[in-house]
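**Student:** I am attaching a structure below and will ask some questions about it afterwards.
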Amino acid sequence: MSENYSLRCRECHREHGNRPSSICEDCMAPLEVHYNLDAVRGKFTRESISSRPANIWRYAELLPMPEGYNDGLPVGMTPLVPAARLGARIGSRRLLIKNDAVCFPTLSFKDRVVAMALAQARRFGFKTVSCSSTGNLANSVAAQAARHGFDAWIFIPADLEAAKIIGTQVYGARLTRISGNYDQVNRLCSQIADRYNWGFVNINLRPYYAEGSKTVGFEIAEQLGWRLPDNIVVPMAGGSLITKIQKAFNELIALGLVEAKIVKFFGAQATGCSPISDAVKCNKDEIDPQKPKTIARSLAIGNPADGLYAARAIAASGGWAADVSDPDIVTGIELLAATEGIFTETAGGVTVASAESLIAQGKIHPDEETVLCITGNGLKTTDVLADRFTLEEPIEPKLVAFEKFMGESVAVAAIA
Ligand SMILES: *Cc1c(COP(=O)(O)O)cnc(C)c1O
Ligand SMILES: [Zn+2]
């Protein structure tokens, strides 16, 4: 094999080659994809990258790509936009938004991780792909499985948002709703993965899946003109995304594509499911599992697989964590929409509200460059806004009716 990557145990560093597995049998620690960076030097340069199509595959040398694999889907390269109006409202003078609410094809950052997992599912010869999901992963596995001709079995907690359920079924996936929370769904899926020869993107393909999250970090660095921001605020469920953005920045530094710099990582959770932010705030080197109770369903993982690594990554960077109430999540969604014209789902509300809290606490300085990761689309979680806006009675299609509707004083002012 001439591949420049393989699985390695995060704790004992034993090499495991490439295979569908996520745990080291020696020490039960998670496996992680490790690259031979020396083999990449010279090929992975600013110039070579910028000459390639604007999607995640332009970072191929630092992704687990099977030899000769060509996916063909232009996933990623979502906008990084300045957010001065939101910044003015929450107290940052240098705020940017990485907008994965418009990621292709299913409007969340999960499209990045699924693209990686399916590349390996193909390589390992799986005919059926599967996942346990809090919603967005279900959508993305179902869509990309359809596109690539895999059968898909998807497992979700029974009470997910309607749009995330329809947005899985429409692609022809077999959807199994489980009476229980995500952690129970995931435990069942581990048993199914042991018994059936299926590629579970977030279980036996998890190390490869996780590498897809690095592309958020690669893109931010490239979009900033090959440099790193001061701070980044990232929503956390299993805790994988935040650790992989940090891995991406470290790999870019190691290869000399960006100047070395310590980026402070800030984790965001809902107070109703905050095992990682609690660990950070209590300076604890362990995760106490929780029973989730929050409207932020996409982040409702009470026993996060990468929680401890996420907490450590945050602490080592000099960052911090915040968690916010359900009403604050809704306010965050509305604030982002009303200031920047970006409609995010509950996870994005968590990120905006957490950023506001971290700035108010003095953890994030107003003059430091801060990137907020908006990871999913608001059209999938409209349920939480149902009672926020009144629907007014329709009016006759007549000018007089409209002027009556708008009110005399408003009408007079508008004419003048
Ligand atoms: C899954 C998800 C996250 C968190 O990802 P982890 O890697 O599990 O921490 C954040 N935002 C959205 C919208 C998600 O679907
Ligand atoms: Zn090990």
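The values are calculated or read from the model by the stated rules, or taken from the named source; none is laboratory data. Treat the numbers as computed from the prediction; the structure is a model and nothing was measured. No Cβ is skipped: glycine too gets one built from the backbone with ideal geometry, and neighbour counts run over all protein chains shown. In case anyone asks, the SASA skips ligands and DNA or RNA and just uses the protein heavy atoms, side chains included. Shrake-Rupley method; radii C 1.70, N 1.55, O 1.52, S 1.80 Å.
**Student:** Fully extended, how many nm does the chain gain between Asp159 and Thr45 (0.36 nm per residue separation, minus their Cα-Cα distance)?
**Tutor:** 36.4 nm
**Student:** Over all directions, what mean area does the Cα convex hull of the chain project, stated in square nanometres?
**Tutor:** 23.0 nm²
**Student:** Then there is this: Give the Cα extents of region 285-391 along the principal axes, in whole Å, largest first.
**Tutor:** 49, 37, 19
**Student:** Ok, one more. Please arrange Leu399, Leu118, Leu37 by accessible surface area, largest first, computed with a 1.4 Å probe and ligands excluded.
**Tutor:** Solvent-accessible surface, decreasing: Leu399, Leu37, Leu118.
**Student:** Taking θ as phi - 60°, what are the ³J(HN,Hα) couplings along region 156-172 by the Karplus curve (6.51, -1.76, 1.60), each to the nearest whole Hz, with x for Gly and Pro?
**Tutor:** 9, x, 4, 9, 5, 4, 4, 5, 6, 6, 4, x, 10, 5, 4, 7, x
**Student:** How many percent of all Cα-Cα pairs in region 68-163 sit more than 21 Å apart?
**Tutor:** For region 68-163, the fraction of Cα-Cα distances above 21 Å is 44 percent.
**Student:** Skip the ligands, DNA and RNA, and give the accessible area per residue of the chain with a 1.4 Å probe, whole Å².
**Tutor:** On a per-residue basis, 42 Å².
**Student:** Dividing the Cα convex hull volume of region 267-320 by residue count, how many Å³ per residue is that?
**Tutor:** In region 267-320, the Cα convex hull volume per residue is 66 Å³.
**Student:** On the Cα set of region 116-228, report Rg and Dmax in Å, please.
**Tutor:** Computed over the Cα atoms of region 116-228, radius of gyration and Dmax are 15.0, 47 Å.
**Student:** How big is the shadow of the Cα convex hull of region 219-359, averaged over all directions, in nm²?
**Tutor:** So the Cα hull casts an average projection of 8.2 nm².
**Student:** If you don't mind, there's one more thing I want to ask. State the Cα centre-to-centre distance between region 388-416 and region 142-185 in whole Å.
**Tutor:** 44 Å
**Student:** Where in region 377-416 are there trypsin sites (Lys or Arg not before Pro) that are in a DSSP coil and have at most 13 other Cβ atoms within 10 angstrom of their Cβ?
**Tutor:** Qualifying residues, ordered by number: Arg388, Lys398.
**Student:** When the Kirkwood radius is taken over all Cα pairs of region 7-74, what Stokes-Einstein diffusion coefficient follows at 10 °C and 1.306 mPa s, in µm²/s?
**Tutor:** The Stokes-Einstein estimate is 115 µm²/s.
**Student:** Could I ask something else about it? Express as a percent, rounded to the nearest 5, the fraction of DSSP beta bridges in the chain (both residues included) that run antiparallel.
**Tutor:** 30 percent
**Student:** How much of Met65 can a 1.4 Å solvent probe reach, expressed as accessible area in Å² and rounded to 10?
**Tutor:** 40 Å²
**Student:** Mind putting together the pair-distance distribution for region 1-152? All Cα pairs, 5 Å bins, whole percent per bin, short to long.
**Tutor:** 2, 8, 14, 16, 18, 16, 13, 7, 4, 2, 0
**Student:** Something else now. Using a 1.4 Å probe over the heavy atoms of the protein chains, calculate the carbon and sulfur portion of the accessible area of the chain as a whole percent.
**Tutor:** For the chain, the apolar C and S fraction of the accessible surface comes to 53 percent.
**Student:** If the cut-off is a Cα-Cα distance under 13 Å, which aspartates and glutamates reach Lys164, setting aside same-chain residues fewer than 8 apart in sequence?
**Tutor:** Output for Lys164: Glu345, Asp383.
**Student:** Also, I was wondering about something else. Placing +1 on the Cβ of each Lys and Arg and -1 on the Cβ of each Asp and Glu in region 319-416, which of Thr375, Thr390, Ala355 has its Cα farthest towards the positive end of the resulting dipole?
**Tutor:** Value computed over the given set: Thr390.
**Student:** Let me ask you something else. Residue-wise, which Karplus ³J(HN,Hα) couplings in Hz belong to region 90-98, taking 6.51 cos²θ - 1.76 cosθ + 1.60, θ = phi - 60°, and x for glycine or proline?
**Tutor:** Karplus values, whole Hz, x for Gly and Pro: 10, x, 10, 8, 9, 10, 10, 10, 8.
**Student:** Keeping all protein chains in position, work out how much accessible area Glu393 exposes to a 1.4 Å probe, and write it in Å² to the nearest 10.
**Tutor:** So the heavy atoms of Glu393 present about 150 Å² to solvent.
**Student:** Quick one: check the C-alpha center-to-center distance for region 14-82 versus region 220-252, whole angstrom.
**Tutor:** 15 Å
**Student:** Let's test this: bin the Cα-Cα distances of region 27-108 at 5 Å from zero up to the farthest pair and state each bin's percent.
**Tutor:** Result returned by the calculation: 3, 12, 14, 15, 16, 14, 12, 8, 4, 1.
**Student:** For region 204-273, which semi-axes, largest first and in whole Å, follow from the square roots of 5 times the eigenvalues of its Cα gyration tensor?
**Tutor:** With the √(5λ) rule applied to region 204-273, the semi-axes are 22, 16, 9 Å.
**Student:** A follow-up question, please. Starting at the first residue of region 261-271, write each ³J(HN,Hα) from the Karplus equation 6.51 cos²θ - 1.76 cosθ + 1.60 with θ = phi - 60°, in whole Hz, x for Gly and Pro.
**Tutor:** 6, 8, 8, 7, 9, 10, x, 10, 9, 8, 4
**Student:** Do the alpha carbons of any pairs in Lys214/Lys293; Lys127/Lys380; Lys98/Lys363; Lys291/Lys380; Lys110/Lys214 sit beyond 18 Å of each other, and which pairs?
**Tutor:** In this structure, Lys214/Lys293; Lys127/Lys380; Lys98/Lys363; Lys291/Lys380 lie more than 18 Å apart at Cα.
**Student:** Moving to a separate point now. Could you point to the residue in Ser140, Gly125, Ala158 farthest towards the positive end of region 117-166's charge dipole, with +1 and -1 charges on the Cβ of Lys/Arg and Asp/Glu respectively?
**Tutor:** Gly125
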